[in-house]
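The values are calculated or read from the model by the stated rules, or taken from the named source; none is laboratory data. Model, not experiment: these values are computed from the prediction. Reconstructed Cβ throughout: ideal geometry from the backbone, glycine too, with neighbour counts over all protein chains shown.
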Amino acid sequence: MNLLYANDRKAEYPASWYAATANPIDRFPALSGDVKADVCVVGGGYTGLSAALHLAEAGFDVVLLEAHRVGFGASGRNGGQLGSAQRMDQEDLERLVGDEDAAKLWDLAEDAKDLVKSLIAKHQIDCDLKPGVAVLGLSAGEQQELHEHAAHLSDRYGYDQMEILDEGAGHALCPSPTYRGGYLDMGAAHLHPLNYALGLAQAAAKAGVRIFEGTEVLGVEDASPAVVRTSQGNVTADHIIMACNGYLGDLNRSVAAKVMPINNFIAATEPLGTEAARVLTRDVAVADTKFVVNYFRLSADGRLLFGGGESYGYRFPADIATKVRKPMTEIFPHLRDVKIDYAWGGTLAITMRRMPYLARVAPNILSASGYSGHGVGTATHAGQLMALAIQGQAEGFDTMARVPALPFPGGAALRSPLLVLAMTWFALRDRLGL
C-alpha cells in the first residue's frame, strides 16, 4: 500500500481545522525534466524544509521534492506541541547511552526548541506560538513519577521551567476528573503546525531553494553523484537528504526496518464559548501519560483540538470524529454532545525506542525520521543537523545517530501485524489503569 495516496487526495491538504485556517501560499510547480543541484532533499515537511533552508543560507544549490504539498504530512496535521527533552525520558537515556551522551542529547533537545522559536522570529512566521505544555497523570503514582522526573531535570540539568502541579493545581488548570496532577513546562510551547510549515517553505524559497510539489520520488540511485528518479524527471546531486518520515515507502529498506508508519487522529469541536474554561483555564497544551497518548489544547477561536484514538491499520476509519470522540469524552464527559466541526487523520512514524533514527545510509545520503510524536522541534532540528553534517560539522548528527536503534521484529514485512498485537496490549493496559 502506498501511504502517499491511501487516505488522501493527491496534492491536496486534508479537510482539517489547520487547513481551514492556514495562511495560504501559492503552489510550487512540479518537476519537469532533468535538473542538477548540490543537494536534493526528498520530503517537504519540517525535516526537509529545515534542511533545505539551512543549506541554502549556507550557499548550497538545493532542490526539494514533495509528492503532494509542503507540510502535507504529519508536519501540517499534528497536535502542535513543541516539547522539551527527547521523546525517550532523560533517565532512560542515561541508562541507555551513559551520562555523557545523555547530557549531549539533552542539550540538543534544548537547541531544537530554541531553533523553532528563532526561526519563527527570524522569518516572522505567523503560527500562534504560545508557551506552555502540561503533562498530567491519571493516578497518584503517575503524578509522583512526573514530579520526580521534573526534579531530576532540575537537579541534573538545571532546568527550571517546570511548575509542579499537585492534584488541586492540576484540576485548577484542567478541570477533568480523570487527571491527578503532573507538571506544567513553560519552556515548551504550542503552535499552528501547518502555518509553521508554510512559513518555513516561504523562507526556504526566499533563500533560493527550488521547491517542486506534486513530484513523487520513485527511487534513489546510490552513486556519486546520486540520482533521484521521479516520473517527471530526475535530479542529479552530490548529496541526498531523505526526509520522508511515515511516507518513506520502499525508498530505503534499511531505514524502513527501524522506522514504522502509524496513524493518529485529531478532532476540532465547535467553538466552546464559556465552556472552554471547563477544559483549560490557561492557554497551554496538555499531554497525558497513557501509552496511547491523549493530547489537546484550545485553538485561537476557542475550539478544543483533541488528539487520540487507536489505529491498527493503514486505512483511516470512515468516521474519524466518532473514533476521537470516545477518548475525548472519557476526559471531558460534559462534551459528550458537543459538535465536531473537523476531524482528520495523519501518518507519522515511530521507532522501537521512540527516539528519532538518524543515519548515513550511504556516504552521500543522509536520512532522519521516526520522531514518534515529538517532531515539531526534533524534526526541525534534524534538518539543521543534516545540513551541518553536509558542511562537515557532524557532531550533533553523529550524537543522535549513536543512539542504538532496534529493528522492528520481522523487519518491514512483519512490523505492522506485530504492532497490532503490541498496541492492543498497551491499549488494554491503559483501560485497566495498569
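So here's what we get for this one:
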{"read-out": "Selected residue [part of a loop (DSSP other than H, G, I, E, B), touching a residue at least 12 places away in the same chain (Cβ under 8 Å) and surrounded by fewer than 18 Cβ atoms within 10 Å (Cβ to Cβ)] from 360, 354", "value": "354"}
{"read-out": "Subset of region 363-373 (residues that are under 10 Å from the mean Cα position of the chain (by Cα) and either surrounded by fewer than 24 Cβ atoms within 10 Å (Cβ to Cβ) or part of a helix (DSSP H, G or I) (or both))", "value": "372, 373"}
{"read-out": "Any chance residue 226 is touching a helix residue (DSSP H, G or I) at 6+ places or on another chain (Cβ under 6 Å) and either farther than 23 Å from residue 357 by Cβ or touching a residue at least 40 places away in the same chain (Cβ under 8 Å) (or both)", "value": "no"}
{"read-out": "Qualifying residue in region 73-80 (condition: more than 25 Å from residue 13 (Cβ to Cβ) and part of a loop (DSSP other than H, G, I, E, B))", "value": "no"}
{"read-out": "Residue in region 53-66 that is surrounded by 24 or more Cβ atoms within 10 Å (Cβ to Cβ), touching a residue at least 12 places away in the same chain (Cβ under 8 Å) and on the phi > 0 side of the Ramachandran plot present", "value": "no"}
{"read-out": "Residues satisfying the stated conditions in region 146-164, i.e. in contact (Cβ under 8 Å) with a residue 12 or more places away in the chain and either in a helix (DSSP H, G or I) or among the small types (Gly, Ala, Ser) (or both)", "value": "146, 147, 149, 150, 152, 153, 156, 157"}
{"read-out": "Whichever residue in region 1-33 is modelled with pLDDT of 95 or more, touching a Ser or Thr at 6+ places or on another chain (Cβ under 7 Å) and in a loop (DSSP other than H, G, I, E, B) and, among such residues, is surrounded by the most Cβ atoms within 10 Å (Cβ to Cβ)", "value": "31"}
{"read-out": "Scope region 229-269; condition assigned to a strand (DSSP E or B), in contact with an Asp or Glu (Cβ under 8 Å, 6 or more places away or on another chain) and touching a residue at least 24 places away in the same chain (Cβ under 8 Å); matching residues", "value": "230, 234, 235, 236, 237, 238, 239, 268, 269"}
